[in-house]
Each structure stands twice: as C-alpha cells, then as structure tokens.
Amino acid sequence: MMIIGLGTDIVEVSRVSEVRQRHDGAFERKVFTMAERTKGLEKKKGADHFFAGRWAAKEAIVKALGTGFGPECGWQDIEILNDDRGRPILTLSGDGASFANSLGIKVWHITISHEKHYASAVAIAEG
C-alpha cells in the first residue's frame, strides 16, 4: 500500500462551542450524522470537545482527499464513531465514498487529540 493522501486540522474548542450555542442545533444537524450527534450529546460537559474533534477529523479527511467540502464529499458523507477500544473509525458514504474509491483509497487511519482549548486530527488515506 502507498499513501494517497494526508490531512491535518486543528480547531479551537471555544469556536465550536460558540457556533453550537448560536445556531441551536442547526450546526450539529448540518455537519454531523445522527449517530455522531447522539454520541456527542451523550457527553454532556464533553460535547464541545467531542464535536470539535469530529469537526477537525472531517476537515483532515477532505484535505487528504484533496477536495475540501463540496460535490466530491459532503459533511454527512463522513461519519466518525469509535470502536470498542475508543479508536476513531471512519465510514464514508455517498459521494465521499465514490470519490475515495475513484482515487483508489482502501484504508483510512484517523487520530483525534484533545487538549484543554484545542482538538486536532490527522487522516491518512492508503491505497
């Protein structure tokens, strides 16, 4: 396998918190899948960190694809949940999955990190 794409992103948690408060749920509905929203809202006090980490991961993924968000890959095409050990697991669907397949991407590696004020993510696409 070889690396096809690499993306990274960092998000200020307070920025995500402000957007969530200002848009009263519209932000979550636009950016996150139902399963992501459910998991994030279960976190209560940690919800802002959860959503900031997922935001950073989605940005890193589209950077690895070389596209940004648009017709090739939308926010809802990317879902990041965790396995039983807590590792982030990416599921691409719709146009995002089709575009990744057209690039020959077979495997994704995702990592999300959280600090007091920031969340960051790295995405590596292999094929």
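What follows draws every value from the coordinates through simple rules; no lab data is involved. Note that the structure is a prediction, hence the values are computed from the model and not measured. Here the Cβ is made from the backbone with ideal geometry for all residues, glycine too, and neighbour counts use every protein chain on show.
Descriptive notes on the structure:
- Listed residue pairs exceeding 21 Å between alpha carbons, taken from Lys45/Lys116; Lys30/Lys106; Lys30/Lys63; Lys63/Lys106: Lys30/Lys106
- For segment 86-115 and segment 1-76, distance of Cα centres in Å: 13
- Of the trypsin sites (Lys or Arg not before Pro) in segment 38-122, the ones in a loop by DSSP (not H, G, I, E or B) with at most 13 other beta carbons within 10 Å are Lys43, Arg85, Lys106, Lys116.
- Anchor Lys43: aspartates and glutamates whose Cα lies under 19 Å away (excluding residues fewer than 8 positions away in-chain): Glu12, Glu18, Asp24, Glu28, Glu79, Asp83, Asp84, Glu115
- Amide H to amide H, with H built 1.01 Å from N, Leu81 comes under 5 Å of Ile89, Thr91, counting only residues 5 or more places away or on other chains.
- Other residues lying with their Cβ under 11 Å from the Cβ of Phe99 contribute a combined charge of -3, Lys and Arg counting +1, Asp and Glu -1.
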